[in-house]
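Structure, as structure tokens:
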Amino acid sequence: MPESVPVRCPACRRAHRYTAPSYPCACGAPVTPRLDPDGVPGPVEHRSWQEEWVTVRCGGCGLRGQWPRPELGCPCGTVLRIPLAGPRDPAPAGRSARARPVTLRTARDAVTAAVRYLRRLGHEDVRRADQRPPSAIALAGRDVLAHVDPSARPATARDVECLWLAAMTESAACLYVSLAGYADEARARADALGVPLFLLDPTGTPRPVNPPAEALDADRT
């Protein structure tokens, strides 16, 4: 449930109840800023770009994202900045913590595993892409595009080609992550196009299954 705190406007003394908004993480889980129930809201007297955003960690996959800072507009015209609490628990420390296995149960688990792997490759800004592939979930970061297929059928050559074409349009690198594996034609097409293919094992670890994926996996930091 979103957090809610009482807020009193210091200008007109009206009492309000503020509920923190939720935002969708790239992994699909809702992300809600933690509010400080003992904090004192202050009026927004001037605005700057840096102060408009806060970093919030997703409790599902550990991904840190930039979200609008919580604010409340009072009917008197005062805009109040809502104080935030510190993190409930420490952020994942080091790359080994970010690479914790995820037992796969749902499509969200598959996406979470893919997000964590992309972060291990150095892509910290992964988000849900605007495009909607026919049989996968698209994730995008700076200069990278990934399709995550949580379905029970092997990915096809057409699936690989759709990813490759989308990446070419964006001038981005790409990789495909599948839960059920790949048809022989898909592997052959991926090898010809240089598309890395990964298979999610039962623990949620992406395993390279073709030479481009093995080369990418070997270069991860």
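The values are calculated or read from the model by the stated rules, or taken from the named source; none is laboratory data. What you see is a predicted model; the values in this text were computed from it and never measured. Cβ coordinates were reconstructed from backbone atoms using ideal geometry, including for glycine residues, and neighbour counts include every protein chain displayed. Calculation scope for accessible area: heavy atoms of the full protein, side chains included, ligands and nucleic acids excluded. Shrake-Rupley method; radii C 1.70, N 1.55, O 1.52, S 1.80 Å.
Worth pointing out:
- The number of residues in region 27-82 being under 29 Å from the mean Cα position of the chain (by Cα) and in contact (Cβ under 8 Å) with a residue 60 or more places away in the chain comes to 9.
- Residue within region 202-216 that is within 24 Å of Arg64 (Cα to Cα), surrounded by 17 or more Cβ atoms within 10 Å (Cβ to Cβ) and free of Cβ contacts under 8 Å to residues at least 40 places away in the same chain present: no
- With respect to being open to solvent by 30 Å² or more (accessible area, probe 1.4 Å) and without any contact (Cβ under 8 Å) to a residue 40 or more places away in the chain, Pro134 fits the description.
- Among the residues of region 7-25, the ones that are under 34 Å from the mean Cα position of the chain (by Cα), assigned to a strand (DSSP E or B) and either among the small types (Gly, Ala, Ser) or surrounded by fewer than 13 Cβ atoms within 10 Å (Cβ to Cβ) (or both) come to 1 in all.
- Qualifying residue in region 82-99 (condition: at pLDDT 55 or above and among the charged types (D, E, K, R)): no
- Region 122-143, residues that are farther than 21 Å from Thr55 by Cβ and not polar (S, T, N, Q): Ala129, Asp130, Arg132, Pro133, Pro134, Ala136, Ile137, Ala138, Asp143
- Residue match in region 40-51 (condition: touching a strand residue (DSSP E or B) at 6+ places or on another chain (Cβ under 6 Å), open to solvent by 40 Å² or more (accessible area, probe 1.4 Å) and modelled with pLDDT under 85): no
- Checking every residue in region 29-37 against the condition of being within 24 Å of Ala138 (Cβ to Cβ), open to solvent by less than 40 Å² (accessible area, probe 1.4 Å) and assigned to a loop (DSSP other than H, G, I, E, B) gives at least one match.
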